[in-house]
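Reviewing the structure listed below.
The values are calculated or read from the model by the stated rules, or taken from the named source; none is laboratory data. On a predicted model such as this, the values are computed, not experimentally measured, just so you know. Note: ideal-geometry Cβ built from the backbone for every residue, glycine included; neighbour counts use all protein chains shown. These area figures cover heavy atoms from the full protein model, side chains too; ligands, DNA and RNA do not enter into them. Shrake-Rupley method; radii C 1.70, N 1.55, O 1.52, S 1.80 Å.
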Amino acid sequence: MTEIDFDKLNRDLEERAAKRGTWISMPFSFDYFFSTNFFFSQIRKKLRTAEAYTDIDYYFDLDSSGIKLFIKRIIRKMNKFLFLRNFETQRKYNALTLETETLLYRSLIGMQKQHEHDRAVIQSLEARLDKLEASNG
């Protein structure tokens with residue numbers, strides 16, 4: 001049985017890694033993604049803000065009586081500009097919902113990229129291990 005000089009093997013591996021100039025990060029654990037609350041707190045905050053806009057009053061009473069009320073009703077029927085308040089509220093709701101969706105999408109894409117990177121690291125480590133076992137075995 002041949003003896004293996006692990007110190008020399010480690011030095012060789014470190015020298016090769018230094019020559020390549022690439023850095024392989026260790027895969028993140030399950031706890032890393034689900035114990036950090038940055039994305040989830042941002043999503044929760046935006047969804048709470050969006051929840052304030054879910055009950056939108058699309059029709060509101062006009063504040064007057066007599067001839068003023070009559071004129072306002074005519075204007076309301078002829079022009080939709082009185083609904084700008086509701087449209088603006090709807091725009092805010094849509095924007096918050098879109099921002100939340102975008103944040104979720106970016107976090108999922110980041111997790112997918114990290115997962116693919118982790119798989120590549122695991123495969124390279126398994127290949128190294130197989131190579132070492134084959135050379136020693």
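The residues listed here are ARG20, ARG85, ARG44, ARG11; of these, the one that is more than 30 Å from SER124 (Cβ to Cβ) and either more than 19 Å from the chain's Cα centre (by Cα) or modelled with pLDDT of 80 or more (or both) is ARG85.
Filtering region 102-137 to residues that are free of Cβ contacts under 8 Å to residues at least 40 places away in the same chain, open to solvent by less than 80 Å² (accessible area, probe 1.4 Å) and either within 23 Å of ARG44 (Cβ to Cβ) or under 18 Å from the mean Cα position of the chain (by Cα) (or both) leaves THR102, ILE109, GLY110.
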